Each structure stands twice: as structure tokens, then as C-alpha cells.
1. Anything in segment 1-35 that is part of a loop (DSSP other than H, G, I, E, B) and of a type in the set (Lys, Arg)? List them, or say none.
2. Output the number of residues of segment 124-154 satisfying the condition of being surrounded by 16 or more Cβ atoms within 10 Å (Cβ to Cβ) and of a type outside the set (A, V, I, L, M).
3. Between Ile124, Ile72, Ile104, Ile66, which is under 30 Å from Gly143 (Cβ atoms), more than 15 Å from the chain's Cα centre (by Cα) and of a type in the set (A, V, I, L, M, F, W, C)?
4. Based on what the data block shows, is Lys76 charged (D, E, K, R) and either closer than 30 Å to Trp43 by Cα or touching a His at 6+ places or on another chain (Cβ under 6 Å) (or both)?
Amino acid sequence: MKPNFEEMSRSELKAYVLSHRDDDEAIRIFFGRRNPPDSKATWYGPMCNAEGAPIAENIRIAEEAIKKRVEIDREKQQQREKAQEDGLRQKLEREIEQKLRAKIELEVEQKLQENLEKEIEALISAIAQFLAATSGFSSKLAGSIALFAMKQGIEDFGDF
């Protein structure tokens, strides 16, 4: 008398199949549990009759199904490629933006530095002219004093 395969656990059924390798029913049930039939599968009629002659209508139906499946797969592949392309484009745009931002920031910093240096030169020149005019110092000495005062950050420099 055969055991009830449906009530056996997977490991019990495996042990039974290994010890009874000629039991086709046990093997079928064992592999059927692991790989259940696809419930979404579409079954088509035979492509040829018992004599081997092709059945045109079944072949046409199968060809249409294959074409439809190929088109669906192609669309999915195109969507994956587009998504990948969009991701790469966004990554490239971010990288370019970061590099351009760094370059622009450097250029702006250089321009600001140049403008600041020009303003400092003009300020030192104005202070030197003021000192030379009000104190009797030579313009060379007044320039040196103004530069020294600027470097030291002396407040109230002109109040004497």
C-alpha cells in the first residue's frame, strides 16, 4: 500500500522519492510541489494534426501571440533603457553642475579679490595723500604709514 503523498512533508516526500526511484507518482508530486504549474500560462492547440500536417489556424494564433510577446518585451526593454539613460543623464548633469559651480565660485572669488585689492590700493593712496597734505610727511613716507596702518587695522587712524 502506497503512502499518502499529499500529507507528507517536503523532506519526507524527498526521502521517499530517493528510496523509491521508480515511483513515478511520488516523483511527479515531489517536483510538482516545487514547481507548480504556471496559472497564467496560455495553452495553444497543436501545431500539426496526428498525420503531421500543419494546422494553419493554430500556427497563426501562436505567431500572433509570439509577436505580441516580442513587442511587449521590446517595450519593456525600451523603458528600462530610457530609465537607465535618464539616470545617467541626471548623474552627468549633477557632475557638470558641481564642476561648473566650483569653477564659477573660483572665478567669482578671483574677481572679488582683484576688486578688493584695487579698492585697498585706492584707499591706501587716499590715506597717503591725506597724510602728505596734512602732516608734512613726504608722499613716500605717508604711503608707508598708510600701508602700515591698514595692515595693523588701526582704528581712528585719522583722529590726531
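Only the coordinates and a few stated rules stand behind these numbers; no lab work does. What you see is a predicted model; the values in this text were computed from it and never measured. Note that each Cβ is placed from the backbone with ideal geometry, even for glycine, and that neighbours are counted across all protein chains shown.
1. Lys2, Arg21 - these are the residues of segment 1-35 that are part of a loop (DSSP other than H, G, I, E, B) and of a type in the set (Lys, Arg).
2. Selection size over segment 124-154: 2.
3. Ile124
4. yes
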